[in-house]
Amino acid sequence: MILYDPGLNMVYKAYGIMLPISPSRADRIMDFLEQAAVLETPGVGPVYTVAEALDFLGEPRASDEALENAVISREDLERVHQKEFIATLYEDGPDPGGLVQALLNAWELIDDQGRLNRYEPDKAMKPLQELFRMVRAQVGGTYLAARLALSAGATTGTPPFCYYLGGGMHHARYDSGAGFCLLNDIMIAARKLHAENRVNLIWVVDVDAHKGCGTAELVCFAREKGDLGVHTNDPTGGTAGHVKSRDILNLSIHMARGWPLDAETLSTAQPGRAPRVPGDVEIPIEQGAEADYISGLARGLHRLEALSGGVKPDLVLVVDGADPYEHDGLLSSGLLKLTLEQCVQRDRLIYDYLQERNIPSAWIMAGGYGERAWEPGAHFLGILGLRMDADNQ
């Protein structure tokens, strides 16, 4: 399944934010798949909008309901993030200008000297505050993608898989946004599914170029509060472990250096906070070591399985960043340069690993910058559709 809704496209230049993020990334993926004639194959289709997904899942919706309020409530945000931070975003906290400041911080629009950074408000067509509405809508898309993945298979006869052309805000932390991420849709969706008793064990497999530092922090904080279970490691050096009934295990394969793991960021990071908080499985890839990427990812997946102690996850959220691609347009992604073939091999490894074990997976786009950011996801889905079509002939 694919979740694709043009109403969820984030056009950053409309807010005066001059990041190298193409607003047509999702559209170009869909155009590619349509030309490849794979949209209706069991491995890729059908395609749902938010409204169609709600109907398919049997969820009520008002005809005039705004996208951002269709799925995610304030309670869902507060389940993951600090309540004071969420109050700031809803503009009912003590700081009347807090929302704007939170947005400026999350997208790094002002530098240390107070100068505008990649931000030209005089060119904005929409007020910056409206970004919060779009972010909430993106969070809802991630949750719906997870629900669609869980509903696939037995319901539709298709693989338990959904690819969402949006989401992936893995840098958002407990009490702030960071790294172009205001809210952590991955954790919000996962914790909402827990609260609804739809799943127990969830894996997060993050293959974005940058460490999923916000997700690691939020998992750690939730475990400290007793909201999630804990895993234990064999003190002899093995990988034996156990997972309580409700947990999130996270894997991140990322650049070993560069943001958020550069010296400047680490020097100012607080102990026990992102990006210093380790994930359950971390696979740092040094510059020039791209040949080790696929084998490292394979070992990481097996380690997740070992940490799960024989418990199969009910769902895997795949943070499918395109920014490891060698043609990515963001400077801070440049220490990891996978070819298009390696990007597709990466995704097929994860897909096959989960399908062989009949584990539902929801994939979210995450990082990807410049005019070629659409290529890795499009080619993965295209090959997947062609392969499934051949298998069914």
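Where a number appears in this text, it was derived from the coordinates with a stated rule and is not lab data. Model, not experiment: these values are computed from the prediction. Glycine also receives a Cβ, built like all others from the backbone with ideal geometry; neighbour counts cover every protein chain displayed.
Suppose R0 equals 56 Å. What FRET efficiency, 1/(1 + (r/R0)^6) with r the Cβ-Cβ distance, do A87 and D314 give to the nearest 0.05?
The pair A87/D314 has a calculated efficiency of 0.95.
Only four residue types carry charge here, +1 at the Cβ of Lys and Arg and -1 at the Cβ of Asp and Glu. Report the dipole size of the chain about the Cα centre in Debye, rounded to the nearest 20.
Dipole size: approximately 620 debye.
FRET efficiency for R299 and L386, Cβ-Cβ distance as r, R0 = 25 Å, nearest 0.05?
E(calc), rounded to 0.05, equals 0.30.
Using helices alone, what [θ] at 222 nm do you get for the chain, with -39,500 (n - 2.57) per DSSP H run of 4 or more residues, divided over all residues and rounded to the nearest 500?
-11000 deg cm²/dmol, from helical runs alone.
Taking the beta-carbon count within 10 Å as an exposure proxy, list T41, T268, T142 from fewest neighbours to most.
T268, T41, T142
What ³J(HN,Hα) values, in whole Hz, does the Karplus curve 6.51 cos²θ - 1.76 cosθ + 1.60 give for region 281-297 when θ = phi - 60°, with x put for Gly and Pro?
For region 281-297, the Karplus curve yields 9, 10, 10, x, 10, 6, 4, x, 9, 4, 5, 8, 5, 5, 5, x, 5 Hz.
In the chain, if the dipole is taken from +1 on Lys/Arg beta carbons and -1 on Asp/Glu beta carbons about the Cα centre, which of G93, P313, G58 is farthest to the positive end?
Among G93, P313, G58, the one farthest towards the positive end of the dipole of the chain is P313.
With both partners inside region 2-391, how many of the DSSP beta bridges are antiparallel, as a percent to the nearest 5?
About 10 percent, rounded to the nearest 5.
Show which aspartates and glutamates lie in cross-link reach of K83 when reach means a straight Cα distance below 13 angstrom and same-chain residues fewer than eight apart are skipped.
Reachable aspartates and glutamates: E75, E91, D92, D175.
With +1 assigned to the C-beta of every Lys and Arg and -1 to the C-beta of every Asp and Glu, and no other charges, what is the dipole magnitude of region 1-120 about the Cα centre in debye, to the nearest 20?
Taking the Cα centre of region 1-120 as origin, the dipole is about 380 debye.
Quick one: L307, L3, L251, fewest Cβ neighbours within 10 Å first, how do they rank?
Ascending Cβ contact count within 10 Å gives the list L307, L251, L3.
Lysines within cross-link reach of K312: Cα-Cα under 20 Å, excluding same-chain residues under 8 positions apart?
Cα-Cα hits under 20 Å: K192, K244.
For the chain, what is the relative contact order in percent, using Cα pairs closer than 8 Å and at least 6 residues apart in sequence?
20 percent.
Please list the equivalent ellipsoid semi-axes of the chain, computed as the square roots of five times the alpha-carbon gyration tensor eigenvalues, in descending order and whole angstrom.
Semi-axis lengths for the chain are 28, 25, 23 Å.
Taking the Cα centre of region 271-337 as the origin, how large is its charge dipole in debye, to the nearest 20, when only Lys and Arg (+1) and Asp and Glu (-1) carry charge on their Cβ atoms?
I would put it at about 300 debye.
Using a cut-off of 29 Å between alpha-carbon atoms, which lysines can reach K337, once sequence neighbours fewer than 8 places away in the same chain are excluded?
Candidates past the 8-residue exclusion: K13, K211.
Using 0.36 nm per residue of separation minus the Cα-Cα distance, give me the extension gain between Q345 and M18 in nm, one decimal.
Value of the extension gain: 114.5 nm.
Would you please give the residues with an amide H less than 5 Å from that of V204, counting only those at least 5 places away or on a separate chain, with H modeled from the backbone geometry?
Here the answer is L249, N250, L251, L317, since their amide H atoms fall under 5 Å of that of V204.
Which order results if D206, D323 are arranged by neighbouring Cβ count within 10 Å, fewest first?
D323, D206
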